[in-house]
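Undergrad: Take a look at this one; I'll ask things after.
The values are calculated or read from the model by the stated rules, or taken from the named source; none is laboratory data. All values reported here derive from a predicted model rather than from experimental measurement. Here the Cβ positions follow ideal geometry from the backbone for every residue, glycine too, while neighbour counts run over all protein chains shown.
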Amino acid sequence: MMRERFTGAAYAVATFAVLLAAWEIACDYFKVPVFYIPAPSRIGATLIVGAPLYLDHLGVTLYATLASFAIAMVLGVVLGTLVSEIKFFERTLQPVLIALQAMPRIALAPIIIVWFGFGPASKIALGAFTAFFPVFVNTAQGMRATDSEQIALMRSLKASRWQIFRMIKLPNAMPYLLAGASIAIIFAMLAVIVGEFLGSNRGMGYLITTQSTQMDTAGVMATVFILSAIGVVFHYGLQFLRDRLLFWAAQGEVAGGGV
């Protein structure tokens with residue numbers, strides 16, 4: 001297992017290095033203007049020179065992203081459980097949530113900024129609203145996907161509803177939940193950045209907007225590179241957590257995204 005992961009990582013790094021080399025050579029050979037497509041070496045130099053600035057703005061974006069992700073996880077798990085376990089909530093709450101899911105959530109960003117102001121609260125609210133639905137849908141789907149024979153066996157053993165939930169339904173839903181979480185955290189970060197585009201004086205979205213108005217293409221690419229790297233860390237971090245918590249689950253098991 002470790003050898004396979006090391007090999008996969010080596011292939012990924014090698015592919016990335018080849019792409020960067022080809023990019024560098026193409027920019028140099030075709031004399032591409034810096035303001036159009038900067039070479040990787042120019043982007044790297046921008047990253048090094050502007051490291052304190054990037055770290056300052058990155059901290060703001062990460063705080064809003066993680067806070068919105070935490071809120072989305074709590075609300076998504078609670079409401080997904082209620083909808084899957086209690087008929088009353090399934091009949092009353094689920095249609096409302098489906099209607100909200102159909103809304104263009106990013107398009108509501110200006111309204112959310114009006115409601116919550118230009119501070120971190122509006123970015124957290126937008127991120128939580130956007131990240132909530134993958135968690136909610138996957139939690140409900142995972143609860144409902146429990147093997148009916150396992151439930152029947154537990155009932156034959158006089159297990160309570162809470163015992164069935166804790167011992168059967170919740171473990172069964174965990175692969176779905178973590179699959180939804182890996183989508184939700186990326187959605188949260190994207191929503192926070194959009195919120196920073198529209199109304200903020202700090203954060204990576206604000207930095208991209210400022211760099212774009214100054215035609216600082218290398219700076220924009222450096223910011224995007226940092227955000228992409230953070231997204232990769234989030235993805236593989238949750239994958240690592242899944243492998244540690246759900247070592248008993250089949251390796252090929254994939255839950256629906258619920259987007």
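Undergrad: Answer with yes or no whether Thr217 is β-branched (Val, Ile, Thr), more than 16 Å from Met73 (Cα to Cα) and touching a residue at least 40 places away in the same chain (Cβ under 8 Å).
TA: Spelling it out, Thr217 is indeed β-branched (Val, Ile, Thr), more than 16 Å from Met73 (Cα to Cα) and touching a residue at least 40 places away in the same chain (Cβ under 8 Å).
Undergrad: Checking the conditions here, which among Ile183, Ile208 is at pLDDT 90 or above and within 15 Å of the chain's Cα centre (by Cα)?
TA: It is Ile183.
Every residue, every condition in (1) at pLDDT 95 or above; (2) surrounded by 18 or more Cβ atoms within 10 Å (Cβ to Cβ); (3) closer than 19 Å to Ile186 by Cα, yes or no:
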| residue | (1), (2), (3) |
| --- | --- |
| Ile230 | yes, yes, yes |
| His235 | no, no, yes |
| Gln239 | no, no, yes |
| Arg242 | no, yes, yes |
| Ala249 | no, no, no |
| Gly252 | no, no, no |
| Gly258 | no, yes, yes |
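Undergrad: Among the candidates Ala191, Ala145, single out the residue that is closer than 30 Å to Leu53 by Cβ, of a type in the set (Gly, Ala, Ser) and in contact with a Phe, Trp or Tyr (Cβ under 8 Å, 6 or more places away or on another chain).
TA: Sole residue among the options that is closer than 30 Å to Leu53 by Cβ, of a type in the set (Gly, Ala, Ser) and in contact with a Phe, Trp or Tyr (Cβ under 8 Å, 6 or more places away or on another chain): Ala191.
Undergrad: I need a count of the residues in segment 16-47 that are in a helix (DSSP H, G or I) and either touching a residue at least 12 places away in the same chain (Cβ under 8 Å) or not aromatic (Phe, Trp, Tyr) (or both).
TA: Looking only at that region, the number is 20.
Undergrad: Scan (1) touching a helix residue (DSSP H, G or I) at 6+ places or on another chain (Cβ under 7 Å); (2) farther than 21 Å from Ser182 by Cα; (3) in contact (Cβ under 8 Å) with a residue 24 or more places away in the chain for the single condition Leu93 breaks and write down its number.
TA: For Leu93, the exception is condition (3).
Undergrad: Now a separate question. Among the helices (runs of 4 or more DSSP H) contained in segment 49-136, which hold 3 or more residues that are at pLDDT below 95 and under 30 Å from Leu170 (Cα atoms)? Full working, then the answer.
TA: Values: elements: 51-85, 87-102, 109-116.
Once the helices (runs of 4 or more DSSP H) in segment 49-136 are filtered for at least 3 residues that are at pLDDT below 95 and under 30 Å from Leu170 (Cα atoms), what remains is 51-85, 87-102.
Undergrad: To continue, here is another question. Of all residues in segment 141-174 being of a type in the set (Gly, Ala, Ser) and loosely packed, with under 13 Cβ neighbours inside 10 Å, which is nearest to Glu90 (Cα to Cα)?
TA: Applying the first criterion (of a type in the set (Gly, Ala, Ser)) to segment 141-174 yields 142, 145, 148, 152, 156, 159-160, 173.
Add one more test, that the residue is loosely packed, with under 13 Cβ neighbours inside 10 Å, and what stays is 148, 152, 156, 160.
Values: Ser148: 19, Ala152: 22, Ser156: 26, Ser160: 21 Å.
Going through the qualifying residues, I end up with Ser148.
Undergrad: Answer yes if at least one residue in segment 104-111 is farther than 18 Å from Gly76 by Cα, out of contact with any His (no Cβ under 6 Å at 6 or more places or on another chain) and buried (at least 22 other Cβ atoms within 10 Å of the Cβ), and no otherwise. Give the steps one after another, and end with the answer.
TA: Going residue by residue through segment 104-111, those that are farther than 18 Å from Gly76 by Cα are 104, 106-111.
Going one step further and asking which of them are out of contact with any His (no Cβ under 6 Å at 6 or more places or on another chain), we end up with 104, 106-111.
So of that shortlist, the ones also buried (at least 22 other Cβ atoms within 10 Å of the Cβ) come out as 109.
Within segment 104-111, one or more residues are farther than 18 Å from Gly76 by Cα, out of contact with any His (no Cβ under 6 Å at 6 or more places or on another chain) and buried (at least 22 other Cβ atoms within 10 Å of the Cβ).
Undergrad: Right, something else. Could you grab the pairs with beta carbons closer than 6 Å, sequence gap of 6+ or different chains, first residue in segment 170-182 and of a type in the set (D, E, K, R), second one modelled with pLDDT of 95 or more and surrounded by fewer than 24 Cβ atoms within 10 Å (Cβ to Cβ)?
TA: Within 6 Å, no pair qualifies.
Undergrad: Take the residues in segment 112-125 that are closer than 19 Å to Leu75 by Cβ and touching a residue at least 40 places away in the same chain (Cβ under 8 Å), then tell me which one is farthest from the chain's Cα centre (by Cα). Quick ask: steps written out before the conclusion?
TA: Here is the first cut: in segment 112-125, the ones closer than 19 Å to Leu75 by Cβ are 112, 115-116, 120-125.
Checking which are touching a residue at least 40 places away in the same chain (Cβ under 8 Å) leaves us with 112, 120, 122-125.
Numbers: Ile112: 20, Pro120: 18, Ser122: 18, Lys123: 14, Ile124: 13, Ala125: 15 Å.
Checking each candidate, the answer is Ile112.
Undergrad: If you don't mind, another one. Quickly run through segment 200-243 and pick out the residues that are more than 17 Å from Ala12 (Cα to Cα) and of a type in the set (Val, Ile, Thr).
TA: Ile208, Thr209, Thr210, Thr213, Thr217, Val220, Thr223, Val224, Ile226
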